[in-house]
Amino acid sequence: MTRWATFDCYGTLIDWNGGIRAELARVFGEERADEQLRRYHELEPELEADGRRSYREVMTEAMRRLGATAGKEFGLADSLPGWQPFPEARTSLEEACRRGWKLAILSNTDADYIAASKQLLGVPFAESVVASEIGSYKPALGHWREFTARTGADPARHVHVGASLFHDIAPARRLGLPTVWINRLAERPGPEPDAELPDLNGLADALDMLVSE
């Protein structure tokens, strides 16, 4: 029976905060970057709420609301294809593949962004579900429902991996899925994950612990 591991991409596999902060520092200055990053995190869920905007549009509108001058509001969206994977991402994913796990991405972004990021990750993903295709952003359940409809994955053999308690761990647990929380910021959980790692090192062992062959 197939074992599936689904992943959030940005923040889990790709350095989302690092990518956003670098562009905010370029546009607003290093001294304002951390405060603007905090404000961006507040704006993004609000702009995603109704599911009508593409992620490119979400980022562009967020930059406008942060005060980017004309012409600079597009910089964040344009920078995303170059955001880099976390150093351990590729080897950890390769090890999961070697142990027979099929990989998929469930992302609050657009298809072209995921295509660019998958190329940087260099690991085969059997499926990708993105917000702009389904008109829904996590923590709504549309990504998981679409994934199941496409793959027929058995929930008992499906683990979801994410860095966000709000966007990923909480909704996956609502669906009864085992979860691995990549707690890069040493936060304390609200919804309790089934396994917790500080980064992707040890991922394959955590997956195997939750769903055996």
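The values are calculated or read from the model by the stated rules, or taken from the named source; none is laboratory data. Nothing here was measured: the structure is a model prediction, and the numbers come from that model. Using ideal geometry, Cβ is built from the backbone for each residue, glycine included, and neighbour counts are taken over all protein chains shown. Side chains included, ligands, DNA and RNA excluded: accessible areas come from the protein's heavy atoms. Shrake-Rupley method; radii C 1.70, N 1.55, O 1.52, S 1.80 Å.
Per-structure values
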quantity: Flag for THR109 being surrounded by 15 or more Cβ atoms within 10 Å (Cβ to Cβ) and either in contact with a helix residue (DSSP H, G or I) (Cβ under 9 Å, 6 or more places away or on another chain) or acidic (Asp, Glu) (or both); calculated: yes
quantity: Test: THR109 is touching a Ser or Thr at 6+ places or on another chain (Cβ under 8 Å), among the polar types (S, T, N, Q) and closer than 27 Å to THR2 by Cα; calculated: yes
quantity: Total residues in segment 1-26, condition surrounded by fewer than 19 Cβ atoms within 10 Å (Cβ to Cβ) and farther than 27 Å from LEU197 by Cα; calculated: 2
quantity: From the options SER128, SER136, SER132, residue that is assigned to a loop (DSSP other than H, G, I, E, B), open to solvent by 10 Å² or more (accessible area, probe 1.4 Å) and either touching a Ser or Thr at 6+ places or on another chain (Cβ under 8 Å) or closer than 21 Å to LEU47 by Cα (or both); calculated: SER136
quantity: Residue in segment 160-176 that is surrounded by the fewest Cβ atoms within 10 Å (Cβ to Cβ), counting only those that are over 24 Å from ASN17 (Cβ atoms) and not basic (Lys, Arg); calculated: GLY176
quantity: Residue match in segment 91-101 (condition: under 17 Å from the mean Cα position of the chain (by Cα), among the hydroxyl-bearing types (Ser, Thr, Tyr) and modelled with pLDDT of 95 or more); calculated: yes
quantity: Extreme residue, farthest from PRO45 (Cα to Cα), among residues of segment 106-124 that are touching a residue at least 60 places away in the same chain (Cβ under 8 Å) and touching a Leu at 6+ places or on another chain (Cβ under 8 Å); calculated: LEU121
quantity: Number of positions in segment 16-37 that are out of contact with any Ser or Thr (no Cβ under 9 Å at 6 or more places or on another chain) and farther than 18 Å from TYR55 by Cα; calculated: 10
quantity: Search result, residues across segment 69-88 that are open to solvent by less than 50 Å² (accessible area, probe 1.4 Å) and hydrophobic (A, V, I, L, M, F, W, C); calculated: LEU76, ALA77, LEU80, TRP83, PHE86
